[in-house]
Amino acid sequence: MSHHQTIYSSPVFQQACNQFDAAADILGMEAGLRERTKRPRRCVVVAMPVRMDSGKVELFEGYRVQHNLSTGPAKGGIRFHQDVTLGEVAALAMWMSWKCSLVGLPYGGAKGGVIVNARDMSATELERLSRRYMQEITPFIGPNVDIPAPDVGTNAQVMAWMMDTYSNHKGYYEPGVITGKPISLGGSLGRTEATGEGVAWFVKAYLEDMGVEAEKTTVIVQGFGNVGSEAARALYHWGAEITGISDFTGGIYNPKGIDLKAAAEYTAKNKSLKGFPGGEALTNEQLLEQPCTVLIPAALERVITAENAGKLKCRLIAEGANGPTTNEADQILSQRGDIQIIPDVLCNSGGVIVSYFEWLQNLQNYYWTKNEVFDKLHRMLAKAKASVDETQKKYNCSRRTAALVLGISRVSEAKAMRGLFP
Ligand code: GLU
């Protein structure tokens, strides 16, 4: 049954399914429960005609996949990217289910995606597309149903437009429908930093377990978006040297350290890192293979593969991105045994944790200080780390499988107790 063709079938969906099966095997999950825990609950596909600035109308396609609605409203970001596919969104939705469950959030899992290169759009075109997408998914979402958030290619401004469209439809201000909003519209302090802050927190905690000192740590970050740039900043302030960064145009490598502030200013001005003078220009592929203590893939899926897994020269991989490591690469890395991995569902969970805090603040109309946010975030990260470490010892499995065993078992138990409908 597990190898049946579905509408989601694709390499990245298969990757998520294979990871699931490894955890379900350890749990000894019976076939029926296994299939209904694994398979996404439902998806919507929307066609969105958008008037471009030229006056012409272009038709865009978008998705929202709700993987799990059994343990609370679904939760997960919306991606704007030219390579988005339904199978990818389904895999990302599945990972949201395990991530939320792993860290103990009262949510299911979902993800949205629109096939578009937002870089090619004007702000007004992007606004019309964002509003149209929200209009189309409005019947399927809400603070008690499914709560979107930012992902690759979307940001607080996009969340603001979407929240406004939803609220106008309802007739009242409803900030709890979406997270990652600007502070002026019910956003939480610390949400922008949260994912990168969490990645950095895990890197520090695991380096400490490994006995590596901060001053000797070099870090390469693939992807200089929200997650990568915030993780780099947090690790730099802690004392690490950031020796490599990259974006969709390529990488910059400098063994003496990269000036992050200059890089951020350069990208703000030039829209990419291309031509940044602070180091040697490399391709993204080359950058991953440079020597460093910590490698942080913080861009897209499937960048650590059978091709390069044997050539990596780091001691720790911190998965800021979702799904950056293929099943084959996982196998090679575990055979090598000299590189530790902090798996995505654990490593980047800081984002959705602070999204949860944002939603709570919206529902209560009571807002927290940044210290309260970070304090509560760090506590949840510490708790999740301890339970993953304990589970890894218990089953003598990879850290990824341990994290998934925890995330998956809570969802499957809830499904088993509820019955066949949820
Ligand atoms: N898109 C982010 C993720 O992959 C955040 C999701 C959220 O905050 O709901 O975890």
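The values are calculated or read from the model by the stated rules, or taken from the named source; none is laboratory data. Small disclaimer: the values here were computed from a predicted structure and weren't measured. Counting neighbours? That spans all protein chains shown, and the Cβs are built from the backbone with ideal geometry, glycine included. We work out accessible area using only protein heavy atoms, side chains counted, and drop any ligands, DNA or RNA first. Shrake-Rupley method; radii C 1.70, N 1.55, O 1.52, S 1.80 Å.
Phi angles of the stretch 164-174 translate, via the Karplus equation with coefficients 6.51, -1.76, 1.60 and θ = phi - 60°, into HN-Hα couplings of 5, 4, 5, 5, 5, 5, 6, x, 8, 5, 10 Hz per residue; Gly and Pro are given as x. Amide H contacts for ASN68 (H built 1.01 Å from N in the peptide plane; partners 5 or more residues away or on another chain; cut-off under 5 Å): ARG41, GLY109. Projecting the Cα atoms of PHE202, ALA240, SER229 onto the dipole axis of the stretch 189-248, where Lys and Arg carry +1 and Asp and Glu carry -1 at the beta carbon, places SER229 farthest toward the positive end. Simple spin-label estimate for THR6 and GLU280 gives 4.5 nm between the two label positions (7 Å along the Cα-to-Cβ direction from each Cα).
Relative to the current alpha-carbon distance between ASN168 and GLN331, full extension at 0.36 nm per residue lengthens the span by 53.7 nm.
Each Lys or Arg adds one and each Asp or Glu subtracts one; over the other residues with Cβ under 12 Å from the Cβ of TYR107, this totals +2. Residue-wise HN-Hα couplings along the stretch 387-403, as the Karplus relation 6.51 cos²θ - 1.76 cosθ + 1.60 with θ = phi - 60° gives them from phi, are 6, 5, 4, 5, 5, 4, 5, 4, 9, 6, 10, 5, 5, 5, 5, 4, 4 Hz; Gly and Pro carry x. Both radii are taken from the alpha-carbon atoms of the stretch 30-89; with Rh as the Kirkwood radius, Rg/Rh is 1.13.
Taking only the Cα atoms of the stretch 371-422, the radius of gyration and Dmax are 14.2, 42 Å.
Calculated over the stretch 222-288, the projected area of the Cα convex hull averaged across directions stands at 3.9 nm². Taking 7 Å steps out from each Cα toward its Cβ at VAL145 and ALA306 produces label points 4.3 nm apart. In the chain, helical runs assigned H by DSSP with n ≥ 4 each contribute -39500 (n - 2.57); averaged across all residues and rounded to the nearest 500, the mean residue ellipticity at 222 nm is -15000 deg cm²/dmol. The orientation-averaged shadow of the Cα convex hull for the stretch 259-388, equal to a quarter of the hull surface, comes to 10.5 nm². Here ALA262 and HIS237 are evaluated by their C-beta separation; at R0 = 25 Å the FRET efficiency comes out at 0.95. Among the protein heavy atoms, those of GLU265 account for about 110 Å² of accessible surface (1.4 Å probe, every chain in place). Stokes-Einstein, applied to the Kirkwood radius of the stretch 63-211 over Cα pairs at a viscosity of 0.692 mPa s and 37 °C, places its translational diffusion at 206 µm² s⁻¹. If the segment from ASN117 to LYS313 were pulled out straight at 0.36 nm per residue, it would be longer than the present Cα-Cα gap by 67.3 nm.
Each Lys or Arg adds one and each Asp or Glu takes one away; over the other residues whose Cβ falls under 11 Å from the Cβ of ALA298, this sums to -4. Given R0 = 41 Å, the distance between the Cβ atoms of GLU208 and LEU59 translates into a calculated FRET efficiency of 0.20. Along the stretch 98-113 the Karplus relation, 6.51 cos²θ - 1.76 cosθ + 1.60 evaluated at θ = phi - 60°, assigns HN-Hα couplings of 5, 5, 4, 5, 4, 8, x, 8, x, 10, x, x, 8, 7, x, x Hz to successive residues, with x for each Gly and Pro. Summarising the amide proton neighbourhood of ARG79: residues at separation of 5 or more, or on other chains, whose placed amide H is nearer than 5 Å comprise GLY112, GLY113, VAL114. Taking all protein chains in place and a 1.4 Å probe, what share, in percent, of the accessible surface of the chain do carbon and sulfur account for? The C+S portion of the solvent-accessible surface of the chain is 51 percent.
Per-peptide packing, taken as the mean over residues of other Cβ atoms within 10 Å, places 155-164, 63-72, 248-257 in the sequence 63-72, 155-164, 248-257 from highest down. The listed peptides 102-109, 412-419, 399-406, 130-137, ordered by packing as a protection proxy, come out as 399-406, 102-109, 130-137, 412-419 (highest mean of other Cβ atoms within 10 Å first). Hydrodynamic radius of the chain by the Kirkwood approach over all distinct alpha-carbon pairs: 21.6 Å. One equal scatterer on each Cα of the stretch 1-140, no solvent, Debye formula: the resulting log10 I(q)/I(0) at q = 0.15, 0.16, 0.19 Å⁻¹ is -0.75, -0.83, -1.07. Using a simple spin-label model with pseudo-atoms 7 Å out from Cα toward Cβ, LEU363 and LYS393 lie 3.4 nm apart. Converting the Cα gyration tensor eigenvalues of the stretch 154-277 into ellipsoid dimensions via √(5λ) gives semi-axes, longest first, of 33, 19, 9 Å. How much length is gained on full extension from PHE421 to HIS378, taking 0.36 nm per residue of separation minus their Cα-Cα distance? Difference between extended and current length: 11.9 nm.
Accessible surface calculations at 1.4 Å, restricted to protein heavy atoms, place the chain at 41 Å² per residue. Ranking of LYS216, LYS385 by solvent-accessible surface, largest first: LYS216, LYS385 (1.4 Å probe, protein heavy atoms only, all chains present). For the stretch 184-223, divide the Cα radius of gyration by the Kirkwood radius and give the resulting Rg/Rh value with two decimals. For the stretch 184-223, the value is 1.14.
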